[in-house]
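S.K.: Take a look at this one; I'll ask things after.
Rule-based calculations on the coordinates, nothing more; no lab input. Owing to the predicted nature of the structure, the values given are computational and were not obtained by experimental measurement. Every residue, glycine among them, receives a Cβ derived from its backbone with ideal geometry; neighbour counts consider all protein chains shown.
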Amino acid sequence: MIYRIGVWERTSEDPRLVGEMISEIGEAGKPRSAFRYGRTYLEDSSAFALDPISLPLTDESFTTSDPSMFGIFEDSVPDDWGKKLLVRRHNIPRNGQNPPNLLLALRSSSLGALSYSDSTNPADSPQDTSIIHLSELVTAAEQFERGDLQETGLSLLFGAGSSPGGARPKAVVFAEGDCNNYIAKFPSVKDQEDVVKIEFATMETARLAGLNVPDTRLVQCAN
């Protein structure tokens with residue numbers, strides 16, 4: 001199976017095509033990949049290398065088989081929690097849950113500056129979920145972990161994006177009148193301790209120690 005993936009960067013209002021990656025899934029199920037910057041991108045004076053070490057800004061074609069996909073792109077693929085949501089959202093069969101196919105399913109809902117498409121057109125931007133739905137999201141995340149989530153809850157989780165990876169439930173939300181998005185991290189049904197409070201306390205400790213950390217707050221919801 002061969003996948004052709006358009007790679008876009010979105011550091012400005014209009015996404016621009018950076019280049020194309022081609023991934024081939026071999027008989028053993030492991031992909032090998034090639035990437036090349038587009039000519040239009042290379043001729044742009046504001047172009048930058050996606051990875052100065054592995055993908056310097058030149059017109060040559062880069063290949064890799066170990067790792068099976070370039071790290072800058074594999075980083076966009078969600079882990080565990082986000083991957084489960086992505087697979088459920090797009091009904092991806094087990095034999096299709098490889099990194100390049102997951103990138104195509106992810107499209108523009110990835111975190112960071114990159115998005116992906118299977119054509120020369122950029123992926124549509126996902127709709128954001130308001131912070132006012134936090135209680136519903138917490139409940140939906142718990143039900144999803146337990147395997148008994150209904151379609152209404154699934155739609156809410158899907159709307160909050162599946163790109164925040166990691167092992168724990170989380171979502172991207174926004175506050176009305178605020179141009180920033182936030183990562184909301186939820187309790188897990190597997191927790192033996194109050195991990196959310198521990199993470200909050202850890203961030204506060206780091207801030208008080210003088211480290212540069214994101215603003216955080218603890219929100220009580222879904223009693």
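S.K.: For the chain, calculate the relative contact order in percent as a whole number, restricting contacts to Cα pairs under 8 Å that are 6 or more residues apart.
M.R.: Computed value for the chain: 17 percent relative contact order.
S.K.: How big is the antiparallel share of DSSP beta bridges in the chain, given as a percent to the nearest 5?
M.R.: Values: 28 of 30 bridges.
Bridges in the chain are about 95 percent antiparallel.
S.K.: If each Cα of the chain is one equal point scatterer, what is log10 of I(q)/I(0) from the Debye formula at q = 0.18 Å⁻¹?
M.R.: Listed by q, the Debye log ratios stand at -1.31.
S.K.: Using the per-residue mean of other Cβ atoms lying within 10 Å as a proxy for protection, in what order, highest first, do the peptides 82-94, 196-208 fall? Write out the running numbers ahead of the final one.
M.R.: Values: 82-94: 16.2, 196-208: 13.3.
Taking the mean over residues of other Cβ atoms within 10 Å, the ranking is 82-94, 196-208.
S.K.: Using alpha carbons only, how many degrees (0 to 90, rounded to 10) separate the axis of helix 195-208 from the longest principal axis of the chain?
M.R.: With both axes taken from Cα atoms, the answer is about 80 degrees.
S.K.: Rounded, prolate or oblate: which one fits segment 2-117, using the alpha carbon gyration tensor with axes a ≥ b ≥ c (rounded when a/c is under 1.5, else prolate when a/b beats b/c, else oblate)? Spell out each step's value before the answer.
M.R.: Details: a/c = 2.22, a/b = 1.40, b/c = 1.59.
In terms of gyration-tensor shape, oblate.
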